[in-house]
Amino acid sequence: MGLGAKPGGQQQKAREDASALVKWARNNRRAITSTLFLIVMLIGFTLANTDVFTQFKTYRSVMIALPISMFLVVPLVFVVTAGEIDLSFPSVVGLASYAFASIVDHGGDPLVGIAAALTVGAALGYLNAILVVRIGLSALVATLGMNFFLRGLINIIVEGFSIAIPEIRDTFIHNLLTDDPIKIVDHLGIPNQMLWALAFTALGVFLYNRHSFGVRVHCVGDNPESAAEMGIDVKRTRTMVFIFTGVGAALAGIFSVMINFVWWPTTGDGLLLPVLAGIFVGGTPAWGGIGTVFGGAIGTTIVAFIETGVIAAGLTGFFTQFFYGLIIILSLIFQRFNGGRVR
Amino acid sequence: MKDDYIIELRNVSKSFGNVNAVDGISFGVRPGEVVGLIGDNGAGKSTLIKILSGVHPPDSGQIIVRGREVRNWNAARSREAGIETVYQDRALAPQQTITRNIFMGREIKNRFGVIKVKTQYEEANRLMREIGFTSKVFDPDSPVATLSGGERQGVAIARALYFDADLIVLDEPTTALSLVETAKVFGFVQNVRDRGRSIIFIGHNIYHVYDIADRFVVLDRGKVVMTVAKDEIASAEVLMKHMQEIAEMAHADAGMLDA
């Protein structure tokens, strides 16, 4: 009896394990799709130029600036899931990091600068929320307007001058948050900023899936009427995602200035399209209610590797945009197999 | 006697622009009672329900829960007061899992807001079996979009059931359901009443409402025009006749306005 039951029990266990795996794959299929896409793309690049893509320093060089995008893409996945969009983040990066750079430039403590940048980011996120959630403007148009408005504000304030803060080198906070690119030759670990970005992504994944904030963001983006009927404060939830994006943009700005030792009036400008592409390439659909934070991080990584891959494959820079477009469209076609649009 | 009410509305009004959707309504529900709320389209049924459930704040009037007035009434407060509403549109988020839908707005979480995922999953599983979901094709992790209309209604009802509401509001619960599914909803109403809980049942179908309710409240153009116990009404036909008289009166009023 005991002997007969045992293999049966094992079989049952194996079946349960298999079905648990299938279920896990089903629940995470969007993130899995983008991860597979990244792997396939990297294999393609490696075949095109084995020398470059078998060396760790290639990956390390991408990981120097990639974290800036990751601090943005994580909260933006929340925004898109909530059924909104925020196009003002490039200028929020610029303005928040201006606060940081000018405080450090005037001899202030870097920690004070960080606190100021985070405050500016959160306040600008709240301003977006007032326009979109309270006044009821279209998120697309209002945040696009804010992007121009805030960049204009920066230009008026600094009149084209940038701020260099070499004094931040070798301070405790700089060594804690980033790796000096100058030391890149004799240091072969993962850059500190990448570790912080990964920690931020992990926090985002947790909030998105396991915390009531993330779950309510899903419900609000899926069906705001139902969410309100079930007692979810829809306006508050939407306001929170805009503030979260402002804070993420501030972090991106702080890291950008720390990595470059310079704040430019254009800081953040180039991030708009690659970061947006990263959200959707990663598997978060544009219609709201569902998405993946992990996929968003993978999506920005895909976008970050495109330029390196194209150049390393021996093509000229003229091909970069062509491959940007090609890879974005291909990855969206792959994501299409995870379900069509619902609205 | 008045203190008996679980919830009572006193002189509640709500208007949208120039339309007085609900115009000075006073109305209460006693424990273990099934109230049938009837009235033509535009009589104010849906608005009244949305005031009760806190989705629309009333413009004026009082809301009294178990003898105490509650101010700043909203959807979260209504659910805290033990009122669960099964909306006509089911109030579901179709791309989310059954579990997430059941616990929408009232997640099982610790004090840091971290959701107890396993507990929620097990509770959802238990509830689905209780209300007769036996299909092996889906589990509590299935998205609601994969369910049929009757099954979706089941999820909405499971939600009301889980929170052990004192008052369950069913807004047109039999709309678009098959006969078998309608019978299930009726069985559910019976079950809830047997447990000493109250129900407000809103329906277009007078026969359905007559069968199920202990008391009828008839609305017309934002006002309560008739409140009558079932034992004062001989049959559904008599109730139907009253409804027709009310409709004719409305027409007569409209005629006077024209003249």
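The values are calculated or read from the model by the stated rules, or taken from the named source; none is laboratory data. All values derive from a computational prediction rather than experimental measurement. Cβ: placed from backbone, ideal geometry, glycine included. Neighbour counts: every protein chain shown.
Brief remarks follow.
Conditions (1) of a type in the set (Phe, Trp, Tyr); (2) in contact (Cβ under 8 Å) with a residue 12 or more places away in the chain; (3) on the phi > 0 side of the Ramachandran plot; (4) loosely packed, with under 15 Cβ neighbours inside 10 Å, marked per residue:
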position	(1), (2), (3), (4)
B:Val185	no, yes, no, no
B:Phe188	yes, yes, no, no
B:Arg195	no, no, no, yes
B:Ser198	no, yes, no, no
B:Gly203	no, yes, no, no
B:Tyr210	yes, yes, no, no
B:Phe216	yes, yes, no, no
B:Gly222	no, yes, yes, no
B:Glu232	no, no, no, yes
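- Screening A:Val220 against (1) outside any loop (DSSP other than H, G, I, E, B); (2) free of Cβ contacts under 8 Å to residues at least 40 places away in the same chain; (3) over 17 Å from the mean Cα position of the chain (by Cα) leaves a single unmet condition, (2).
- Looking only at region A:238-262, and only at residues there that are surrounded by fewer than 21 Cβ atoms within 10 Å (Cβ to Cβ) and touching a Ser or Thr at 6+ places or on another chain (Cβ under 9 Å), the one that is farthest from the other protein chains (Cβ to nearest Cβ): A:Val262
- Counting residues in region B:112-120 that are within 11 Å of chain A (Cβ to nearest Cβ) and either farther than 26 Å from A:Arg29 by Cβ or under 21 Å from the mean Cα position of the chain (by Cα) (or both) gives one or more.
- Boolean, B:Ile98 is over 18 Å from B:Tyr5 (Cβ atoms), within 10 Å of another protein chain (Cβ to nearest Cβ) and of a type in the set (A, V, I, L, M, F, W, C): no
- Restricting region B:139-156 to residues that are at pLDDT 80 or above, in a helix (DSSP H, G or I) and out of contact with any strand residue (DSSP E or B) (no Cβ under 6 Å at 6 or more places or on another chain) leaves a set whose member that is surrounded by the fewest Cβ atoms within 10 Å (Cβ to Cβ) is B:Thr146.
- Cβ-Cβ under 6 Å pairs, at least 6 apart or on other chains, region A:289-305 side over 12 Å from A:Ala202 (Cα atoms), far side of a type in the set (Asp, Glu): A:Gly289/A:Asp222
- Checking each residue in region B:67-107 for being crowded, with 17+ Cβ neighbours inside 10 Å, of a type in the set (D, E, K, R) and closer than 20 Å to B:Leu147 by Cβ picks out B:Glu84, B:Arg90, B:Arg100.
- Residue in region B:122-138 that is under 30 Å from A:Pro285 (Cβ atoms), in contact with a strand residue (DSSP E or B) (Cβ under 9 Å, 6 or more places away or on another chain) and within 14 Å of chain A (Cβ to nearest Cβ) present: yes
- Selected residue (only one of A:Val132, A:Val112 is crowded, with 20+ Cβ neighbours inside 10 Å and either closer than 22 Å to A:Leu272 by Cβ or without any contact (Cβ under 8 Å) to a residue 24 or more places away in the chain (or both)): A:Val132
- Residue count for region A:205-237, restricted to those that are more than 20 Å from A:Phe294 (Cβ to Cβ), more than 7 Å from chain B (Cβ to nearest Cβ) and in contact with a strand residue (DSSP E or B) (Cβ under 9 Å, 6 or more places away or on another chain): 0
Each row is one residue, and each column tells you yes or no for (1) at pLDDT below 90; (2) hydrophobic (A, V, I, L, M, F, W, C); (3) on the phi > 0 side of the Ramachandran plot.
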residue: A:Asp179; (1), (2), (3): yes, no, no
residue: A:Leu195; (1), (2), (3): no, yes, no
residue: A:Pro224; (1), (2), (3): no, no, no
residue: A:Arg238; (1), (2), (3): no, no, no
